[in-house]
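Visitor: Before anything else, here's the structure in question.
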Amino acid sequence: MTQVAVSPHVAAAIRIAREVAGPVANAVDKDARFPNEALAAMKEARLLSAFVPRELGGFGCGMLELSQMCEALGQHCASAAMVFAMHQIQVACLVRHGKGQPFFEHYLRDLVKNQNLIASVTSEVNVGGEMRNSICSVERQGDRFKLDKDASTISYGAQADDLLVTARRAPESPANDQSLILVSKAEYTLEKTGSWDTLGMRGTCSPPFKLRSTGGVERIMPESFADIASHTMVPFSHILWAACWLGISTSAVSRARAFVRKQARAKPGTTPPSALRLAEVSSMLQMVRANVHDVANECESLMSQPDAGTEVLSSIAFALKMNNVKVSTSTVLFDIAHRCMLICGIMGYKNDSPFSIGMHMRNALSAALMVSNDRIFATNANMLLVLKED
Amino acid sequence: MIEDIRAILKEHGRLSVDAGALAVDADLYQAGLTSHASVNVMLALEGKFDIEFPDRMLKRGVFESISSIQAAVEELTAGAK
């Protein structure tokens, strides 16, 4: 990626990843603390509003640039990359579905100025990971609403400035008739109801919380969450997560490469046996990279079409493709990290060696769980009953 | 045809309201139709009317109301004749 010419905004993310996020990645992981330094640097570089269109004061970056930023961050601090990705997914929902809405356009202009961090509240106790179902509902009272939610996890909930929350549209609505609501820190409280002491992705700080919020009804996005999810939240989530995971894979492979080179230098003239394993893992990495870049490119070109690609974005074929990116990259990610561990041997197993792969493996394990791959496979299996792809 | 569509929705749509009493232009998703259930509705429609929904028709808008389903089925059965 470094050989390819990148935009100045992507270059800023690459610099922050290397100089700010990377040096404290071990501390973030060890203490399960929020990557404050990286987020402060990204705010400074105005990257939290990178996706906001130019006419609203942002950089007008597209999916491709966002994915390159996530990939760069993922190479140095997976938690910082994931926080950045999750924030951008929320911004994308606001930009693409708040268009023409005075409240949301005003909010996005403020976002450029204030660099607010937005967290997602889609999970709910007793619903689990099924994002398209809610128990809680929006209760309208005149031009105000009340919304309480028992969330099973809110990533960087304690650090966020604003929250984007799913809920049933009204108290009488069925579980899957949902709205998306932007609530602001001045109008909500979060009560932490559990801990976040996990195997990996420790810096995302994602414990469960009880949310209590109110606000003006203009904060309820007009479109149904079903459309927002299929047109924006799912494609942005799966592609940007996959870009973070590509970054983790790239970092693991570059450690393995450095290890093999060191072995080769020790015995010039002979190819170390581990070089064969490196050749193998390099081809796997190339497949992941091609997969992520292909869908990021496709999404960007679709979304820049006059109808914003709405026809294609709402098709089953597209949903299947987006789901496939998620399940395939999240599965191969752990395999790549594991193979890199085998290449580096005991030096990969040690936590304090420059060839350590432990954190990569622990972080990689989260990928198949954040929206369970089995749940996605079940959805795909269902869609394949009617999809012809001929 | 409307009655057949209602019967299929009743059996496979898992709606939170009675499909027999729904207005033809009522939003089925607001009536509780999930993506998963809509696939079963499609399969039942394909069986009942001996049609196959082409991929271009596999999107939310086509299944959002009884009348939009009717329009899609009519388009496909007209093509078969």
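The values are calculated or read from the model by the stated rules, or taken from the named source; none is laboratory data. What you see is a predicted model; the values in this text were computed from it and never measured. Because the Cβ atoms are built from the backbone with ideal geometry, glycine has one as well, and the counts that use them run over all protein chains shown. Note: areas computed on protein heavy atoms with side chains; ligands, DNA, RNA excluded. Shrake-Rupley method; radii C 1.70, N 1.55, O 1.52, S 1.80 Å.
Visitor: Please list B:Asp50, B:Asp27, A:Asp162 from largest to smallest accessible area, probe radius 1.4 Å, with all protein chains kept in place. Mind dumping the intermediate values first?
Guide: Working: B:Asp50 135, B:Asp27 60, A:Asp162 5 Å².
Final ranking, largest accessible area leading: B:Asp50, B:Asp27, A:Asp162.
Visitor: Can I ask one more? Report the net charge of residues surrounding A:Gly247, where surrounding means a beta-carbon distance below 14 angstrom and charges are Lys +1, Arg +1, Asp -1, Glu -1.
Guide: +2
Visitor: Let me ask another. Just to be sure I understand: with springs between alpha-carbon atoms less than 10 Å apart, which residue in A:Ala308, A:Ala296, A:Ala38 has the highest mean-square fluctuation in the Gaussian network model of chain A?
Guide: A:Ala308
Visitor: Starting from the Cα of A:Gln101, step 7 Å along the direction of its Cβ; do the same at A:Lys146; then give the gap between the two resulting points in nm.
Guide: Modelled inter-label distance: 2.3 nm.
Visitor: Taking the Cβ-Cβ separation of A:Glu191 and A:Asp110 as r and a Förster radius of 25 Å, what is the calculated FRET efficiency to the nearest 0.05? If you can, show how the numbers build up before the last one.
Guide: On the way: r = 27 Å, r/R0 = 1.07.
The calculated FRET efficiency here is 0.40.
Visitor: So what does A:Val121 come to for accessible area, using a 1.4 Å probe and Å² rounded to 10?
Guide: That residue has around 0 Å² of solvent-accessible surface.
Visitor: How high is the relative contact order of the range A:119-219, in percent, with contacts defined as C-alpha pairs under 8 Å that are six or more residues apart?
Guide: Values: 225 pairs, mean separation 33.3, N = 101.
About 33 percent, as a whole number.
Visitor: Would you work out which of A:Phe84, A:Asn323, A:Ala378 lies farthest towards the positive end of the dipole of chain A, given +1 charges on the beta-carbon of Lys and Arg and -1 on that of Asp and Glu, about the Cα centre?
Guide: The residue sitting most towards the positive pole is A:Phe84.
Visitor: List the residues of the range A:309-323 whose accessible area drops by at least 30 Å² when all protein chains are present, compared with their chain alone, using a 1.4 Å probe and counting only protein heavy atoms.
Guide: A:Glu311, A:Ser314, A:Ile316
Visitor: Let's see if you can work this out: charge +1 on each Lys and Arg Cβ, -1 on each Asp and Glu Cβ, no other charges. What is the dipole magnitude of the range A:139-237 about its Cα centre, in debye to the nearest 20?
Guide: On the way: 12 positive and 14 negative charges, 47 e Å.
Charge dipole of the range A:139-237: 220 debye, to the nearest 20.
Visitor: I would also like to ask the following. Pairs A:Lys210/A:Lys326; A:Lys30/A:Lys185; A:Lys43/A:Lys210; A:Lys388/B:Lys59; A:Lys146/A:Lys185; B:Lys10/B:Lys48: which exceed 18 Å Cα-Cα? Provide the component values of the computation, followed by the final result.
Guide: Details: A:Lys210/A:Lys326 29 Å; A:Lys30/A:Lys185 29 Å; A:Lys43/A:Lys210 28 Å; A:Lys388/B:Lys59 13 Å; A:Lys146/A:Lys185 14 Å; B:Lys10/B:Lys48 14 Å.
Over 18 Å apart, Cα to Cα: A:Lys210/A:Lys326; A:Lys30/A:Lys185; A:Lys43/A:Lys210.
Visitor: If one takes the accessible area of chain A alone plus chain B alone and subtracts that of the pair, with a 1.4 Å probe, what total in Å², rounded to the nearest 100, results?
Guide: Roughly 1500 Å².
Visitor: Along the Cα-to-Cβ line of B:Glu11, 7 Å from the Cα, sits a label point; which residues in the range B:49-81 have backbone N less than 16 Å from it?
Guide: The answer is B:49-51, whose backbone nitrogens lie closer than 16 Å to the label point.
Visitor: Another question about this same structure. Heavy-atom accessible surface, probe 1.4 Å, ligands and DNA/RNA ignored: which residues of the range A:369-390 lose at least 30 Å² versus the isolated chain?
Guide: In the range A:369-390, residues shielded by partner chains: A:Asn382, A:Leu385, A:Val386, A:Lys388.
Visitor: If you don't mind, another one. Of A:Ile181, A:Leu387, A:Ala45, whose Cα points farthest to the positive end of the dipole of the protein assembly as shown (charges on the beta-carbon: +1 Lys, Arg; -1 Asp, Glu; origin at the Cα centre)?
Guide: Towards the positive end, the residue furthest out is A:Ala45.
Visitor: If you don't mind, another one. Where only protein heavy atoms count, and the probe is 1.4 Å, what is the accessible area per residue for the protein assembly as shown in Å²?
Guide: Roughly 43 Å² per residue, with all protein chains present.
Visitor: Taking Cα centroids, how far is the range A:12-59 from the range B:14-28 in Å?
Guide: 48 Å
Visitor: Taking beta carbons within 10 Å but only from partner chains, what does the mean come to for residues B:37-49?
Guide: Partner-chain Cβ atoms within 10 Å, mean over residues of B:37-49: 2.
Visitor: Tell me the accessible surface of A:Glu37 in square angstrom (1.4 angstrom probe, heavy atoms of protein chains only), to the nearest ten.
Guide: Looks like 70 Å² after rounding.
Visitor: Moving on to the next point. Tally up the carbon and sulfur contribution to the accessible surface of the protein assembly as shown as a whole percent, 1.4 Å probe, everything protein left in place.
Guide: Using a 1.4 Å probe with all protein chains present, the protein assembly as shown comes out at 53 percent carbon and sulfur.
Visitor: Determine, from the Cβ-Cβ distance of A:Arg54 and A:Glu139 and an R0 of 30 Å, the FRET efficiency 1/(1 + (r/R0)^6), rounded to the nearest 0.05.
Guide: Computed FRET efficiency for A:Arg54 and A:Glu139 comes out at 0.20.
Visitor: I would also like to ask the following. What accessible surface, in Å², does a 1.4 Å probe find on A:Arg18, ignoring ligands, DNA and RNA and rounding to the nearest 10?
Guide: Here the accessible area works out near 130 Å².
Visitor: How much length would be gained if the chain were fully extended between A:Met287 and A:Ala170, taking 0.36 nm per residue of separation minus their Cα-Cα distance, in nm to one decimal?
Guide: Values: separation 117, 0.36 × 117 = 42.12 nm, distance 4.46 nm.
In short, 37.7 nm is gained.
Visitor: On to the next question. Quick one: order A:Arg219, A:Arg261, B:Arg56, A:Arg289 from most to least accessible surface, probe 1.4 Å.
Guide: B:Arg56, A:Arg261, A:Arg289, A:Arg219
Visitor: Show that you can apply the helix-only estimate: for chain A, add -39,500 (n - 2.57) for every DSSP H stretch of four or more residues, divide by all residues, and state [θ] at 222 nm to the nearest 500.
Guide: Roughly -16000 deg cm²/dmol at 222 nm, from the helical runs in chain A.
Visitor: Take the alpha carbon gyration tensor of the range A:69-193, find the square roots of its eigenvalues, order them as a ≥ b ≥ c, and report rounded if a/c is under 1.5; if not, report prolate when a/b exceeds b/c, else oblate.
Guide: On the way: a/c = 1.80, a/b = 1.29, b/c = 1.40.
Here the range A:69-193 falls in the oblate category.
Visitor: Using the Cα centre as the reference, give the magnitude of the dipole from point charges on the C-beta atoms of the range A:258-361 (Lys, Arg: +1; Asp, Glu: -1; all else neutral), rounded to the nearest 20 debye.
Guide: Result for the range A:258-361 is approximately 860 debye, rounded to the nearest 20.
Visitor: Follow-up. Rounded to the nearest 0.05, what FRET efficiency do A:Ala158 and A:Thr331 give with R0 = 35 Å and r taken as the Cβ-Cβ distance? Could you check? If you can, show how the numbers build up before the last one.
Guide: Working: r = 31 Å, r/R0 = 0.90.
Calculated transfer efficiency: 0.65.
Visitor: Once you order the gyration tensor axes a ≥ b ≥ c over the Cα atoms, which shape class does the range A:8-116 get: rounded for a/c under 1.5, otherwise prolate or oblate by comparing a/b with b/c?
Guide: It is prolate, given that a/c is not under 1.5 and a/b is the larger ratio.
Visitor: Can you sort A:Phe377, A:Phe259 by 1.4 Å-probe accessible area, starting with the largest?
Guide: Descending order: A:Phe377, A:Phe259.
Visitor: How charged is the neighbourhood of A:Thr232? Take every other residue with its Cβ under 10 Å from the Cβ of A:Thr232, and add Lys/Arg as +1 and Asp/Glu as -1. Numbers along the way, then the final one.
Guide: On the way: positive: A:Arg96; negative: A:Glu223, A:Asp227.
For residues surrounding A:Thr232, the net value is -1.
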